[in-house]
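Notes follow once the structure below has been shown.
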Amino acid sequence: GAVVSQHPSRVICKSGTSVKIECRSLDFQATTMFWYRQFPKQSLMLMATSNEGSKATYEQGVEKDKFLINHASLTLSTLTVTSAHPEDSSFYICSASPVGGGASPSDTQYFGPGTRLTVL
Amino acid sequence: AQTVTQSQPEMSVQEAETVTLSCTYDTSESDYYLFWYKQPPSRQMILVIRQEAYKQQNATENRFSVNFQKAAKSFSLKISDSQLGDAAMYFCAYRSAGGSQGNLIFGKGTKLSVKP
C-alpha cells in the first residue's frame, strides 16, 4: 500500500516552455501533497505544500508564479514549471500523506519516484 | 526552528556486518515523529522506519532498528546483517506532530556503501 506515482519520469524541454509534472496517490487519498527539489548529491528541499481544494503554501524563496501547483482532487497534484530555464533543471519529487483512518499512518509521507527535468 | 543533523557524510560496512548511522535533531517540541528514508541510485525515496516521540520503545523493522534517545535528541539507525541492496543514501527526517502542514525536515544524508 501507500504507492505514489509521478509522470513523466524524465522530461527534456526547450528554454521558455512550460512543463507539467503529475503526482498521484494510487491506493490512498491525500489531502496534503508535498513538492521537493533535489540537486545532485544534496538533500531534498521543500518547495511547497499542496492542499486539496485550496491554494498551495510555498516555501520562502520559491516563486509561486513560476512553480504553479494545483491539487484538484484527493489523489492528484500537479506542478507546472512555467517558462522553464536551464537553472530549473533538477530532480523534482512529490510526496503524499494519507488521510487518517487508513492502513498507512497519516503522519508519514510516501514519495513518488521523481521526475528529472532538463531544460536546454 | 527545527534542525536535523547527520554528521556522517559517508559510511562503509562489510556485507553481513552491522552499521549504525547517526542523526541528531534540535527542537523545542515535545511531540513529533522521526523517520529514516533510504534513497538508492534509482532516487526513489523509501521509508525505512518511523518513530513516534511519545513512545519510549525503539522502533524495529526486520534488520533495521533505531536507538531513540529523546533527552539527548538522538535518533540513530542500526542496520544488521547488511546486504548489498542496503547501499544507498539514508536521510533522517523530523516532522512536527502539531499543525496541519506536516512537512518533513531532512538531514543532509549519509551515503552507505556495502562491501562484498
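How well do other chains shield peptide A:44-51, expressed as the mean number of their Cβ atoms within 10 Å of each residue Cβ?
On the way: counts 9, 1, 5, 0, 1, 4, 0, 2.
Taking all residues of A:44-51 together, the mean is 3.
What average count of beta carbons from other chains do you get within 10 Å of the Cβ of residues in A:107-116? Walk me through the numbers before you get to the answer.
On the way: counts 9, 7, 10, 3, 8, 2, 4, 5, 0, 1.
What the average comes to for A:107-116 is 5.
Just checking chain A: which Cys have no other cysteine's beta-carbon under 4.7 Å?
Cysteines lacking a close Cβ partner in chain A: A:C13.
Taking the Cα atoms of region B:1-104, what is the range of coordinates along each of the three principal axes, in descending order and whole Å?
Result, largest extent first: 40, 28, 23 Å.
Hey, could you grab the Kirkwood Rh for the protein assembly as shown? Inverse mean 1/r over distinct alpha carbon pairs, Å, one decimal.
Working: mean 1/r = 0.0544 Å⁻¹.
That comes to 18.4 Å for the protein assembly as shown.
Given just the C-alpha atoms of chain A, how large is their convex hull per residue in cubic angstrom? Don't skip to the end; give the middle numbers.
On the way: hull volume 11.6 nm³, N = 120.
Output value, Cα hull per residue: 96 Å³.
If the viscosity is 1.002 mPa s and the temperature 20 °C, what translational diffusion coefficient in µm²/s does Stokes-Einstein give for region A:50-120 when Rh comes from Kirkwood over Cα pairs?
Numbers: Rh = 13.7 Å.
Result for D is 156 µm²/s.
Are any of the pairs A:K14/B:K111; A:K55/B:K55; A:K55/B:K108; A:K20/A:K41 more than 27 Å apart by Cα-Cα distance, and if so, which? Present the calculation step by step, with values, prior to reporting the outcome.
On the way: A:K14/B:K111 33 Å; A:K55/B:K55 35 Å; A:K55/B:K108 29 Å; A:K20/A:K41 24 Å.
Checking Cα-Cα distances, A:K14/B:K111; A:K55/B:K55; A:K55/B:K108 exceed 27 Å.
Dipole size in debye (nearest 20) for chain A around its Cα centre, Lys and Arg Cβ +1, Asp and Glu Cβ -1? Can you show the working numbers first?
Numbers: 10 positive and 9 negative charges, 67 e Å.
Taking the Cα centre of chain A as origin, the dipole is about 320 debye.
Only the coordinates and a few stated rules stand behind these numbers; no lab work does. Since the model is a prediction, treat every value here as computed from it, not as a measurement. Positions of Cβ are generated from backbone atoms using ideal geometry, with glycine treated the same way; all protein chains shown enter the neighbour counts.
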